[in-house]
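Step one of this worksheet: look at the structure below.
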Amino acid sequence: MNILETKDLLFDYSGHKVLNGVNLEIREGERHAVIGPNGAGKTTLFNVITGSYKPSAGSIKFQGREISGMKPYQLNRMGVGRSFQITSTFAKQTVFQNARMGILSKRKVRFNPFSKVDKMHKITEETNLLLEQSNLAESADMPAGLLSYGKNRALEICLALSTDPQLVMLDEPTAGISKDETKSLVELIRKLTENKTMVIIEHDMDVVFSLADRITVLHHGEVLACDAPEVIKNDPFVKQAYLGTLEV
Ligand SMILES: Nc1ncnc2c1ncn2[C@@H]1O[C@H](COP(=O)(O)OP(=O)(O)OP(=O)(O)O)[C@@H](O)[C@H]1O
Ligand SMILES: [Mg+2]
C-alpha cells in the first residue's frame, strides 16, 4: 500500500515549471531516496508535499486522503514530519528545550503562560528518552547554537521525529558533515526510522545505497526513474550525472 502518492504535481515560479508533472509513489514502511542534480526540484517537492508551498496543480494523497493545500501544522498532526536542508533548530534554546517543543506538540500541549512546563514530568521524561535515542543526552543543557555541525544535524533529525510521525521526510541530513559523522548519522537515521516510512533527499550516494529500499530520480522537475537501488545504480543517466560527465 502507498502511504504517499502525488499525481501530475505541478509547481511553477512565475512561469518556470519547477515541478513538471511529478508522479511519486511511496510505499508504507519503505525507506525511499529522492536524488537528482542541484536545482532538480527536490526541496521544492518536499515543500509542496509538506504544505509550505501550494501546488499549482495536481494531487497529493497521504494515507489515501487528499492533502494538497493543507498547512504544515495540520500535516504534522496527521503524521507527516520533516527536517530542513538548512539547519532550523533554535540556536539560543537548549537541546532539551528544542526537543521538548516537538514532544509538547505531539501531546497537543498548547502554550499557556500560567502553566509551568518544567513541572510536566511526563513531558520531561519523554524528551529525555528521545534525546537518549538520538545520542544527544550529554548535550541536553547546551544551547543548540553551540553544538558541532554534525550534532546539530542529529538534533534536526530528532526534531523531525519528535512528533512520532508515520512518514518522515529528511532533506539532505548529512550535507556538509565529515565522513565519520555521516556514518554515525546514517546509523541514527536507520534506528530512528525503524517501523516508519522515510523519504530522504541525499546527494551522498553511499548514504543513498546503504539506506534506500527504492530510489526516485528527479531531473528538471520530472521523475526520470523510480526503482530498486541496483537498477538505479546501472541507469546510464544516474551514472553520468553522478560521475559528473553529463551536462545538467
Ligand atoms: N523561492 C524561490 N524562488 C524562485 N525560484 C526558486 C525558489 N526556490 C527554488 N527555486 C528554483 O526552483 C528550482 C528547484 O530548486 P530546489 O531548491 O527545489 O532544488 P533542489 O533539487 O532541492 O536542489 P539542491 O540539490 O541544490 O538542494 C531551482 O531552479 C531554483 O532556482
Ligand atoms: Mg534542495
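The values are calculated or read from the model by the stated rules, or taken from the named source; none is laboratory data. In this text the structure is predicted, and so the values were computed from the model without any measurement. FYI the Cβ positions are ideal-geometry reconstructions off the backbone, even for glycines, and counts take in every protein chain you see. Heads up: the accessible areas ignore ligands, DNA and RNA and are worked out on the full protein's heavy atoms, side chains in. Shrake-Rupley method; radii C 1.70, N 1.55, O 1.52, S 1.80 Å.
Once you place label points 7 Å from the Cα toward the Cβ at D206 and S52, how far apart are they in nm?
Here the modelled spin labels are 2.8 nm apart.
With Kirkwood's inverse mean 1/r over C-alpha pairs for Rh, give me the Rg to Rh ratio of the chain, two decimals please.
Working: Rg = 18.4 Å, Rh = 18.8 Å.
On the Cα set of the chain, Rg over Rh gives 0.98.
Connecting C-alpha atoms closer than 10 Å in a GNM of the chain, tell me which of E30, E202, E132 has the biggest fluctuation.
Most flexible of the set in this elastic network: E132.
Which whole-Hz ³J(HN,Hα) couplings does region 57-67 yield from phi under the Karplus relation 6.51 cos²θ - 1.76 cosθ + 1.60, θ = phi - 60°, glycine and proline marked x?
Going residue by residue, I get 6, x, 10, 10, 10, 10, 6, x, 10, 5, 10 Hz, with x marking Gly and Pro.
Can you give the Kirkwood hydrodynamic radius for region 72-185, in Å, rounded to one decimal and based on Cα pairs? Walk me through the numbers on the way to the answer.
Numbers: mean 1/r = 0.0694 Å⁻¹.
One over the average 1/r among Cα pairs gives 14.4 Å for region 72-185.
Among DSSP beta bridges whose residues both lie in the chain, state the antiparallel percentage, nearest 5. Write out the running numbers ahead of the final one.
Values: 22 of 38 bridges.
Antiparallel: roughly 60 percent of the beta bridges in the chain.
With respect to the cross-link table entries K71/K92; K42/K71; K196/K239; K61/K196, which display a Cα-Cα separation exceeding 21 Å?
Working: K71/K92 26 Å; K42/K71 19 Å; K196/K239 30 Å; K61/K196 17 Å.
Pairs exceeding the cut-off: K71/K92; K196/K239.
What lysines does K179 reach when the alpha-carbon gap must be under 17 Å and sequence neighbours fewer than 8 apart in one chain are set aside?
Excluding near neighbours in sequence, the set is K151.
For the chain, which whole-number percentage of the solvent-accessible area (1.4 Å probe, protein heavy atoms only) is attributable to carbon and sulfur atoms? It would help to have the intermediate numbers written out before the result.
Values: 6450 of 12700 Å².
Of all accessible area on the chain, carbon and sulfur atoms account for 51 percent.
Quote the relative contact order of the chain in percent (integer), defining contacts as alpha-carbon pairs under 8 Å separated by 6+ residues. Present the calculation step by step, with values, prior to reporting the outcome.
Details: 453 pairs, mean separation 66.7, N = 248.
Result for the chain is 27 percent.
Over region 2-243, average the accessible area per residue using a 1.4 Å probe and give it in Å², no decimals. All intermediate terms of the calculation are to be shown ahead of the outcome.
On the way: 12070 Å² over 242 residues.
Here the residues of region 2-243 average 50 Å² of exposed surface.
Pulled fully out, how much extra length does the chain show between E30 and A140, if you take 0.36 nm times their separation in residues and subtract their Cα-Cα distance? Spell out each step's value before the answer.
Values: separation 110, 0.36 × 110 = 39.60 nm, distance 3.09 nm.
Gain on stretching E30 to A140: 36.5 nm.
Is region 1-106 best put as rounded, prolate or oblate by its Cα gyration tensor, with a ≥ b ≥ c the root eigenvalues, rounded for a/c under 1.5, and otherwise prolate when a/b is larger than b/c, oblate when not?
Numbers: a/c = 1.89, a/b = 1.46, b/c = 1.30.
It comes out prolate by the Cα gyration axes.
Take region 126-248, compute every pairwise Cα distance, and split them into 10 Å bins from 0; I just need the percent in each bin.
In order of increasing distance, the bins hold 11, 40, 31, 14, 4 percent.
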